[in-house]
Amino acid sequence: MEESYEISDPRVLKVVAHPLRVRLLGLLRNDGPSTASELGRAVGESSGSTSYHLRVLARYGFIEEDPEQRDARERRWRARHVYTSWDNARMAATPEGWEAVRVMQARQVEALARAMRAFEDDPDPDWLPAAGMSDYLAALPPEGVREFNRRVSELIGELTARHAGHPEARKVHLWAAVFPHETRDSGEHPDDSGDLPADRPADSPEEDDA
């Protein structure tokens, strides 16, 4: 697969922000090539529904037919890119673009919630010490946040390469999210979660959230 599909057209981002399409694309990226029937069983939809949405994803360049077809009677699809990216500032230039970003971010939060619930329903004892979420509150300028995002991406690539072939290695979901914290002095009403003590692994340094 290619590394990234960089989207500049808000209409294309809106296409993949559809709730079923983004799930189908995620399954193809994470689990490998599949047919509409296989994906339909995974998401609880008919093969006719998944087939339609797969064709839409293919039309806009997100997926393609797998050349190694296992069944001549049904198309087998594969993802073309590891991940999707876009420029928030460029998208925010139009109401349509910013709405597409908002919808896409909502889909990402939904994916996080599904992964969290799946682990909570059947926790793997070997992964309990490592899995979970941490939150931090730091004072950074925009360029500091951009550096954070860049270094996170670099670190993931470095760790993936270092642990390639490790007997305990498995695919894991990793999320990084950064949004400005609105204080009471600004006149805004921040979400209560921003005022709670941060939840971090035991070996993380303590920080003041006040």
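The values are calculated or read from the model by the stated rules, or taken from the named source; none is laboratory data. Source: prediction; values computed, not measured. Cβ: placed from backbone, ideal geometry, glycine included. Neighbour counts: every protein chain shown. Ligands, DNA and RNA are stripped out before the accessible areas are found, and what is left, the full protein with its side chains, is counted by its heavy atoms. Shrake-Rupley method; radii C 1.70, N 1.55, O 1.52, S 1.80 Å.
Just a few scattered comments:
- No other residue among L28, L13, L24, L39 is in contact (Cβ under 8 Å) with a residue 40 or more places away in the chain, of a type in the set (A, V, I, L, M) and closer than 16 Å to E64 by Cβ apart from L28.
- The single residue among V109, V82, V22 that is of a type in the set (A, V, I, L, M, F, W, C), surrounded by fewer than 14 Cβ atoms within 10 Å (Cβ to Cβ) and within 19 Å of E2 (Cα to Cα) turns out to be V82.
- Residue check: L13 meets all listed conditions (1) under 26 Å from R170 (Cβ atoms); (2) of a type outside the set (S, T, N, Q); (3) open to solvent by less than 20 Å² (accessible area, probe 1.4 Å); (4) not in a strand (DSSP E or B) but one, namely (1).
- Residue within the stretch 20-42 that is closer than 22 Å to V101 by Cα and hydroxyl-bearing (S, T, Y) present: no
- Where strands (runs of 3 or more DSSP E) fall wholly inside the stretch 63-128, the ranges with 1 or more residues that are at pLDDT 90 or above and of a type in the set (F, W, Y) are 76-79, 81-86.
- One residue from S51, S46 being more than 28 Å from N88 (Cβ to Cβ), without any contact (Cβ under 8 Å) to a residue 60 or more places away in the chain, over 18 Å from the mean Cα position of the chain (by Cα) and surrounded by 15 or more Cβ atoms within 10 Å (Cβ to Cβ): S51
- The set of residues in the stretch 28-70 that are basic (K, R) and closer than 21 Å to R114 by Cβ comprises R29, R41.
- Test result for A92, surrounded by fewer than 12 Cβ atoms within 10 Å (Cβ to Cβ) and not hydroxyl-bearing (S, T, Y): no
For every residue, the table says whether it meets (1) aromatic (F, W, Y); (2) in contact (Cβ under 8 Å) with a residue 40 or more places away in the chain; (3) open to solvent by 100 Å² or more (accessible area, probe 1.4 Å).
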| position | (1), (2), (3) |
| --- | --- |
| A138 | no, yes, no |
| E143 | no, no, yes |
| L159 | no, no, no |
| T183 | no, no, no |
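- Restricting attention to the stretch 132-148 and to residues that are part of a loop (DSSP other than H, G, I, E, B) and in contact with a Leu (Cβ under 9 Å, 6 or more places away or on another chain), the residue that is farthest from H181 (Cα to Cα) turns out to be M133.
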